[in-house]
Amino acid sequence: MDFQKYRIVLPNMVTSLSILAGLFAIFFTFNEPANGYFTLSCWLIIYATMLDGIDGKVARLTNSSSEFGVQYDSMADVITFGVAATVVIFKQIFINHISHNAAFYVFPVFFLICGAVRLARFNCTASPKGKKGFIGLPIPVAAGAIVSLFLFFDGWDMFIVPQFGVPILPEEVKLRLTIGYILLVSILMVSHVKYDITFHFFLHDSSKHKVRTAINLLILALAFWHPGFGFYAVSSFYIIYGITRAIFGQGDPEEKVLSVPQ
């Protein structure tokens, strides 16, 4: 059997796992108990963000990058990081406020639409040979940032409060922080702020970016201490770094060509 002609299946299998992660994130959100398994749903979205980076590397290693792979990856992204993440966001923070003010529908819908626009814009210019930098915040990072905020809230209530005796964050504070973060990442997705591929941001050119590398190492240590806090710090640092670079004009991501769809 000639396995070479089936090599395109390997990266697409990884992409399919990302879709399944998003689907089960929705299932667990509406599963029993009545409040759903929100933490598990959040971790499934984060798991999918890691798979999203792996499929491109598999395609590159197997020399199987293709236009089909680019389109399938984008379809997976809008399902997992668009629809599934929006469902988690809505059920986690907004559903209890809808009866008081229907305007709360706007924020998860705004996130989904901005994510879809981000992917559509990418598809207009995408090819099997991707770039090292991206225009606008990638939707996997945006979705991971929001669900990691929920993990931060959960870790604060379950760990920081009893261990250090600090007060529980009021629901009103959580709501306002979530709305602000949703608006931020949504606008960044459709903005022209440039971002590196996450692999290169965290693991490439460490000697060239010593401060960034040191912060990444501190975040890694934090992730070992508490994974929820660690992933929240990872996404926040990545987002803030891109904004800071855009404001102060410290240079854009290099335009080195890579075979990695995003």
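The values are calculated or read from the model by the stated rules, or taken from the named source; none is laboratory data. Bear in mind the structure is a predicted one, so any value in this text is a computation, not a measurement. Here the Cβ is made from the backbone with ideal geometry for all residues, glycine too, and neighbour counts use every protein chain on show.
Considering only segment 190-235, how many residues are in contact with a Gly (Cβ under 7 Å, 6 or more places away or on another chain) and among the hydroxyl-bearing types (Ser, Thr, Tyr)?
Here the count works out to 4.
Which one of the conditions (1) closer than 18 Å to Ala21 by Cα; (2) touching a strand residue (DSSP E or B) at 6+ places or on another chain (Cβ under 9 Å) does Asp55 fail to meet, given that it meets all the rest?
Condition (2) is where Asp55 drops out.
Restricting attention to segment 6-28, and to residues there that are among the hydroxyl-bearing types (Ser, Thr, Tyr) and at pLDDT 90 or above, which single residue is farthest from the chain's Cα centre (by Cα)?
Applying the filter and picking the extreme gives Ser16.
Within segment 95-104, is even one residue at positive phi, surrounded by fewer than 19 Cβ atoms within 10 Å (Cβ to Cβ), at pLDDT below 90 and over 21 Å from the mean Cα position of the chain (by Cα)?
Scanning segment 95-104 turns up no residue that is at positive phi, surrounded by fewer than 19 Cβ atoms within 10 Å (Cβ to Cβ), at pLDDT below 90 and over 21 Å from the mean Cα position of the chain (by Cα).
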